[in-house]
Each structure stands twice: as structure tokens, then as C-alpha cells.
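The values are calculated or read from the model by the stated rules, or taken from the named source; none is laboratory data. Note that this is a predicted model, so its numbers are computed, not measured. Ideal geometry is used to build each Cβ from the backbone, glycine not excepted, and the neighbour counts take in all protein chains shown. For the accessible areas, the whole protein counts, side chains as well, though only heavy atoms, and no ligand, DNA or RNA atoms are used. Shrake-Rupley method; radii C 1.70, N 1.55, O 1.52, S 1.80 Å.
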Amino acid sequence: MSSSIFVDNAKSYLEKMLAILDLEAAVLEEEIDENTICYRIDCKPDDARILIGRNGQTLEALQFVVRQMCRSGGSEQKPFLIDILDYRSRRQRSLEGQAKRAAVAVLNGDSEHIALSPMNAYERRAVHQYLQDNFPDLVTQSQGEGPDRHIIVSFKGAELHADSHITKAESPSEM
């Protein structure tokens, strides 16, 4: 299968899934770059809450299922993202705000190491990049396994020992 057929299938699968869920929604296709497509789902806010789930978990599962459905045909994949009512950019701004507060706390000496809340691989990469670009005196590392994997923010050169006290960053709802 060509990648254009894949794109049609991904959108088609997504539209079929939304119809099965009996949701009134439009799926819009938008190129993020020459290699990646974003399928934006436009729907009612109540339906969006259901499709996004807590911390985007349902959205990630939906994206995973659509990818698996496309792979089952053995086609070459063109990377894609699924977004609902601009959730991903709102989540990105929230994560950057949390990372910035943690970075400022480390720079102010409030704590030597600060652990951010768990996030998926895509979000961790974005946060690592954001902190690297904006706070060159700090270093980040991922720690933990599976759904508990999170980022530790500290000064460059500060070693993280097993007995190190790590302050947990407050979640956005607590701040």
C-alpha cells in the first residue's frame, strides 16, 4: 500500500470509530510537516472530555488503536497524531509551565532535584527539549518505568544518588 492509501485508511478508521461511538465529530486532516499528519477531531466539549480521558490517556489509546489498525494491512506508515479540540497544544503549554516552575525552583535553590509528574514518551521528549533550550544550566533525565516514568530536573553536574532527596513538582491543579 502507498502512504496516501494509509492516510485515507487512518482517517477512515477514525471516522468509523467515532460513528460507532455515536459521536457527532468532524475529522480534519492537517500536515504538521512533510512527514507527519495531524487528524484534528472537532466535536462537542463533552464528547471531547470522553475522547481525551484523564491526562490524555484515552486519546493516546485511540491513536494507538488506529495505528495498529493501519499496520494490520502491512502498509508503510506515514506518522500521524490525533488531536481533539487542540488538546495537545494546551497540554504542551501546561507541561512547559510545570517544567518552568520546577526549573526556577532548582535555580533558586529550593531543591537540588525536582521530579515532574509522570508523562508519556512524546511529552517527556518535548519537556526535555523545552528545558534544554530554555535552561542551559539544568539537566534532565527520565526515571521510573512504564506509566510512572517521569523527568528529574537538576543542575548540570549535580549527581543523583539513590539517597538523594527529590522534591515532587506540584501538579498543575495544585499550583
For Ile20, state whether it is of a type in the set (A, V, I, L, M, F, W, C) and surrounded by 15 or more Cβ atoms within 10 Å (Cβ to Cβ).
no
Against the condition open to solvent by less than 80 Å² (accessible area, probe 1.4 Å), in a helix (DSSP H, G or I) and over 18 Å from Arg40 (Cα atoms), how does Gln98 come out, does it pass?
yes
Hey, can you tell me all the residues within segment 39-61 that are over 13 Å from the mean Cα position of the chain (by Cα) and either crowded, with 16+ Cβ neighbours inside 10 Å or closer than 14 Å to Glu15 by Cα (or both)?
Tyr39, Arg40, Ile41, Asp42, Cys43, Asp47, Ala48, Leu51
Quick one: which residue in Arg91, Arg124, Arg71 is closer than 19 Å to Pro45 by Cα and of a type in the set (Lys, Arg)?
Arg91
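Would you check which residues across segment 105-152 are on the phi > 0 side of the Ramachandran plot and open to solvent by 80 Å² or more (accessible area, probe 1.4 Å) and list them? I'd like the intermediate steps shown before the answer.
Filtering segment 105-152 down to residues on the phi > 0 side of the Ramachandran plot leaves 109, 144, 146.
Across segment 105-152, there are no qualifying residues.
Among residues belonging to segment 68-81 that are part of a helix (DSSP H, G or I) and open to solvent by less than 70 Å² (accessible area, probe 1.4 Å), point out the one that is modelled with the highest pLDDT. Spell out the reasoning first.
The first filter runs over segment 68-81 and keeps only residues part of a helix (DSSP H, G or I), leaving 68-71.
Filter again for open to solvent by less than 70 Å² (accessible area, probe 1.4 Å), leaving 69-70.
Working: Met69: 87, Cys70: 84.
Applying the filter and picking the extreme gives Met69.
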Contacts under 6 angstrom Cβ, first residue in segment 142-171 being closer than 18 Å to Arg124 by Cα and among the acidic types (Asp, Glu), partner surrounded by 12 or more Cβ atoms within 10 Å (Cβ to Cβ) and at pLDDT 85 or above, 6 or more apart:
Asp148/Pro118
Which residues, taken from segment 101-132, are in a helix (DSSP H, G or I), more than 26 Å from Ile82 (Cα to Cα) and within 18 Å of the chain's Cα centre (by Cα)?
Gln132
